1. Which percent of Cα-Cα pairs in the chain sits in each 20 Å bin, short to long?
2. When only Cα pairs under 8 Å and 6 or more residues apart are kept, what is the percent relative contact order across the stretch 321-397?
3. Based only on other Cβ atoms within 10 Å, what is the fewest-to-most ordering of 316, 140, 363?
4. Show me 327-333, 56-62 ranked by packing, highest mean number of other Cβ atoms within 10 Å first.
5. By average Cβ neighbour count within 10 Å, what is the ranking of 399-408, 347-356 from highest down?
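Nothing in this text is a laboratory measurement; each read-out follows from the coordinates by a stated rule. Note that the structure is a prediction, hence the values are computed from the model and not measured. Glycine also receives a Cβ, built like all others from the backbone with ideal geometry; neighbour counts cover every protein chain displayed.
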Ligand code: HEM
């Protein structure tokens, strides 16, 4: 397995000391972080680095959980990404004057967090998600049948990557022919920390698109979520356009890379673990626990919290301006909580994983994400119960704050 050379361009020096100088964009961390976490959990459960403005990396479940719940000390309002999402690199002007509210609710603390989260939740309710399942299933079936007919394909790029962008586009009212452009923008934003030009291209492209979509619906309301947001109110006042802008940008960013990474990791696992694949094909009743287990074992998302005053956690002195990385993926591999944590156990009984975070920012799209993951597995296995990776050396992973495979070439059996 190799790391994606383009997305993790090692501009920074290679890491020799994971406890005192880690780098989540290091190719080694992207390719295989599990051993690094296991070692740190034993020797230095809160690792530190001066890179990227300084941050701390907890690796134990209890610490990640406690920090996620301490929103006074570890707020989200000072930035949630390791490389700033919205501040433009190199002093370039802000991408849009409309993004003054950030990308709530994820980048907000209460009270802005509370009411913007409430605006998102109904769209992601189980009943609404059941409606989106019809579209999602037809899409997955079409993609899977196409790969089967060719006898080989890329389970990450030609399957996983194609699904969430279309599903969230369908919900927001984004045309399907924009899917590839969207995918590029989101990758630019999330995966290319070392490439300011790509980051700038991604965020400006995405925001210009959202801005135009909002203007269109202000002039001519449609039956979609952007219009719903524009027509919503808070405290008797219409929701500001800056908030609508930030929320749409968030749904696109949060809904695409994350889910495609989970689907891709699951496809990679099933291609490389025939025992699990055969078991799941023979016992579809295992699907609910299997989905949770794939989410646990290959959790893609590491968000950040940034402190603005010197503080302390469990004896670690956190300096003003430093970040704490919400290592949800590392917490999910903690053997104190998950026996045999590095093994995927399709019927794992106790699985209170943190793939969707915990506390007030817990993923607002988890119903949708679970449905997309389940349906994508079901449709792939229905079309292709037998498949394998053609060449393990060609598998690539992208990482940083969202980790998942970007190339998984497979041959259909
Ligand atoms: C497997 C797929 C997904 C994973 C692993 C995931 C993971 C996460 C995590 C860990 C958080 C918490 C971040 C934090 O604590 O700072 C989060 C928040 C969020 N996610 Fe997801 N997510 C996924 C899919 C989605 C989808 C499909 C959507 C919707 C389109 C979505 C929308 C959101 C939103 C709106 C928040 C912010 C919630 C808040 O701040 O109250 N996510 N997600």
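1. 27, 60, 12
2. Result for the stretch 321-397 is 21 percent.
3. With the fewest neighbours first, 316, 140, 363 line up as 316, 363, 140.
4. Result, highest mean first: 327-333, 56-62.
5. Those peptides, ordered most packed to least, come out 399-408, 347-356.
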